[in-house]
Each structure stands twice: as C-alpha cells, then as structure tokens.
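Everything below concerns the one structure shown next.
The values are calculated or read from the model by the stated rules, or taken from the named source; none is laboratory data. What you see is a predicted model, and the numbers here were worked out from it, not measured in a lab. Because the Cβ atoms are built from the backbone with ideal geometry, glycine has one as well, and the counts that use them run over all protein chains shown. Surface areas here come from the heavy atoms of the whole protein model, side chains and all, with no ligands, DNA or RNA. Shrake-Rupley method; radii C 1.70, N 1.55, O 1.52, S 1.80 Å.
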Amino acid sequence: MLYLASFTTLLAASTLVSARPVELVKRINQIIVESTARWEQACLAAGGGQRCNPLSVAAFSTLLAAPGPCEQQDAADNMIDLARQLDNNAEMIRLTQIFRQQPRNTPDSLSVLYCQNAPRNQQLQGLFQCQFQGVNDNLFIGNIALGQPGTRPPGVNNLNPPGSCPANPNGKVPDGVQLVTLVNSPGTGAGNGGANPA
C-alpha cells in the first residue's frame, strides 16, 4: 500500500511540474526535390542530358539545415554555369535565380544565415534566400542575434519586410512551400525585395 501511495504522490508531482508552459520549437522543412524539378526539366529540354540530374540533386541538397550559408549560392552558380554552356538558356537561368531565393530548412524555427560572399555569376548578384513564415526574425540558427554578421544580406541595412527576397518582396514564404510555385519573376537583385541598401 505504501508503494501505491508513493507512486500516486510522484505522479501528482510530475503533473504539477509538467503543467508549466512549454516553449515549442518547430522544425520547418520542405520537399526539397521540388525546388529544382522544373529546372531539371528545362535543362533536359535544353540538351543538358546526364549533367542535369546530378546538379539538380546537389542543388536541392543545399536546402537542408546542415549546409553552410553559401552552399545554396554555390550550387546556383553551378546551375548557371551549365545554363551558359547551353546557349545561355534563359529558362534555366530564370529558374536558377528563383531557386537561389528558395527558403532553407530550419531545425528550430530560427532564421537561416545569409551568404556574405559574392556569386561567381552576375545573374545571381543581389539575390538571397527568403525565409519561411514560421521563423523568428530576430534570432538565426546558432542563436545568433539580428545585427550580427550573416544576419542580413550583403549590402542590406534593413530588410523590410523581414524574410523577404527580390522574388517575393512582400514578405516571407509560407512554411514548406516552393517559391517557384508562387512567383514567375526572380526579381532584379540588389536593392529590390524591400531591401534598403547600406
């Protein structure tokens, strides 16, 4: 009987402890293969053949939470390089520019850091990723506060509205949605997307 009373007391105490509010951390992800599917089809139509799929896979893999801040841009540079080899295929370039601005996964609802390096290809100049709607605007992956290095796109003093990008200047992208399904134009880069240059 003593064991039953002790168990009941312990159960009641654990209920009281767990009754406090719990801060929920939400993982925000997407079906990454969809981010480059249209680009891959455009690449095949342009004659890219067996070069298309490996670049597509390498690119969409950069949208996972683990890759560094510049890996998405580096993959987009590789996609532009192939488009240039295929007679500067305009559709591949347009889709690459939109891909460059696709939000990245976040394991903890924090914003994703921005690449601070210039791209190799001028077609990507001034482009940076949007953020998903569910992210914290003031805190970035690694618990880095807004205003610290990497928390603003290069040359941008104030991103208004927060989380926007040149292709989607009115704000963030709904969680898990592909930017390519929302926009046709990649925007114009530097100074666009609500960004106020430094």
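Structure data summary
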{"read-out": "Filter pass, Gln123 being outside any loop (DSSP other than H, G, I, E, B), under 29 Å from Arg84 (Cα atoms) and either at pLDDT 95 or above or in contact with a Leu (Cβ under 7 Å, 6 or more places away or on another chain) (or both)", "value": "yes"}
{"read-out": "Some residue of region 129-149 being open to solvent by less than 20 Å² (accessible area, probe 1.4 Å) and on the phi > 0 side of the Ramachandran plot", "value": "no"}
{"read-out": "Meets criteria (of a type outside the set (S, T, N, Q) and within 22 Å of Lys172 (Cβ to Cβ)) for Ala90", "value": "no"}
{"read-out": "Enumeration of residues in region 59-104 that are assigned to a helix (DSSP H, G or I) and polar (S, T, N, Q)", "value": "Ser61, Gln72, Gln73, Asn78, Gln85, Thr96, Gln97"}
{"read-out": "Every residue from region 150-160 that is in a strand (DSSP E or B) and surrounded by 14 or more Cβ atoms within 10 Å (Cβ to Cβ)", "value": "Val156, Leu159"}
{"read-out": "Residue within region 178-185 that is in a strand (DSSP E or B) and either at pLDDT below 95 or surrounded by 21 or more Cβ atoms within 10 Å (Cβ to Cβ) (or both) present", "value": "no"}
{"read-out": "Odd one out for Asn121, checked against (1) crowded, with 21+ Cβ neighbours inside 10 Å; (2) over 19 Å from Thr181 (Cα atoms); (3) in contact with a helix residue (DSSP H, G or I) (Cβ under 7 Å, 6 or more places away or on another chain)", "value": "(1)"}
{"read-out": "Enumeration of residues in region 28-38 that are open to solvent by 90 Å² or more (accessible area, probe 1.4 Å) and within 13 Å of the chain's Cα centre (by Cα)", "value": "Ile31"}
{"read-out": "Extreme residue, surrounded by the fewest Cβ atoms within 10 Å (Cβ to Cβ), among residues of region 39-66 that are touching a residue at least 24 places away in the same chain (Cβ under 8 Å) and not hydrophobic (A, V, I, L, M, F, W, C)", "value": "Gly47"}
{"read-out": "Residues of region 101-118 classified as open to solvent by less than 40 Å² (accessible area, probe 1.4 Å) and free of Cβ contacts under 8 Å to residues at least 40 places away in the same chain, total", "value": "1"}
{"read-out": "Unique residue being open to solvent by 60 Å² or more (accessible area, probe 1.4 Å), under 15 Å from Trp39 (Cα atoms) and either in contact with a helix residue (DSSP H, G or I) (Cβ under 7 Å, 6 or more places away or on another chain) or free of Cβ contacts under 8 Å to residues at least 24 places away in the same chain (or both) when the list is Asn78, Asn89", "value": "Asn78"}
{"read-out": "Residue match in region 39-48 (condition: touching a Pro at 6+ places or on another chain (Cβ under 8 Å), assigned to a helix (DSSP H, G or I) and of a type in the set (A, V, I, L, M))", "value": "no"}
